[in-house]
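Chemist: Can you keep this structure in mind? I'll have questions shortly.
The values are calculated or read from the model by the stated rules, or taken from the named source; none is laboratory data. Keep in mind the model is a prediction, meaning the values are calculated, not measured. We place every Cβ from the backbone using ideal geometry, glycine too, and count neighbours over all the protein chains shown.
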Amino acid sequence: METTTRRPNTDTRARIETQRVEDLTRLARQAERAGVRILVDRRRGQHVATSATDPAVCYLVVAEAGCSCLGYTYAGKCQHHSLLLAELGLIPETAAERAAALARDAFDEADAAYEAAMEGVIASGRGWPAVPDDTRRRIAA
């Protein structure tokens, strides 16, 4: 009997990615509320995160590799790492956020085009578009 490995379909992959982004965003917000701070060791070029529960403890955090805290060791994600990713702008947008941004950009472009058209109408006077006077006379006749 032949076994085949099923690959997750696009919807499943999109849901998984959306959930991952939402988890990272939620954890970053929790870290901010808990008072976690990301510090940079300039001599070594490394990021360290303060502990939310023990002010004497810091964790080494690497964007590509993770965090040295127990939470990351057990769960593969933590507040420290999520906060670093958020501060570095490395948490990707969800599909819904990308769609909303595209819609905002399209609206802004349409609004700018409308404003430019209206400026032409207002500049020409009498509500006519900015066209030569002889053309306006022909249209009015």
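Chemist: Residues being in a helix (DSSP H, G or I), hydroxyl-bearing (S, T, Y) and within 20 Å of E17 (Cβ to Cβ): count how many of those fall in segment 74-121.
Modeler: Our first condition is that a residue be in a helix (DSSP H, G or I); within segment 74-121, this holds for 74-75, 79-87, 95-121.
Next, only the ones that are hydroxyl-bearing (S, T, Y) stay: 74, 82, 114.
Still in the running and within 20 Å of E17 (Cβ to Cβ): 82.
Counting residues in segment 74-121 that are in a helix (DSSP H, G or I), hydroxyl-bearing (S, T, Y) and within 20 Å of E17 (Cβ to Cβ) gives 1.
Chemist: For the structure I just gave you, tell me whether G71 is more than 20 Å from T18 (Cα to Cα) and at pLDDT 75 or above. Write out each step before concluding.
Modeler: Values: more than 20 Å from T18 (Cα to Cα): yes; at pLDDT 75 or above: yes.
Answer is yes for this residue.
Chemist: Quick check: is even one residue across segment 92-106 surrounded by 11 or more Cβ atoms within 10 Å (Cβ to Cβ), of a type in the set (D, E) and at pLDDT 75 or above?
Modeler: Looking for residues that are surrounded by 11 or more Cβ atoms within 10 Å (Cβ to Cβ), of a type in the set (D, E) and at pLDDT 75 or above, one finds none in segment 92-106, hence no.
Chemist: Looking for something aliphatic (A, V, I, L, M) and either assigned to a strand (DSSP E or B) or not assigned by TED's automatic domain parsing to the domain that holds S82 (or both) - is there at least one such residue anywhere in segment 49-58? Step through it out loud before you land on a result.
Modeler: If we filter segment 49-58 for residues that are aliphatic (A, V, I, L, M), which is where we start, we get 49, 52, 56-57.
Filter once more, keeping what is either assigned to a strand (DSSP E or B) or not assigned by TED's automatic domain parsing to the domain that holds S82 (or both): 49.
Yes, the conditions are met somewhere in segment 49-58.
Chemist: Going by what's in this entry, would A34 be described as of a type outside the set (S, T, N, Q) and surrounded by 10 or more Cβ atoms within 10 Å (Cβ to Cβ)?
Modeler: Yes: the conditions hold for A34.
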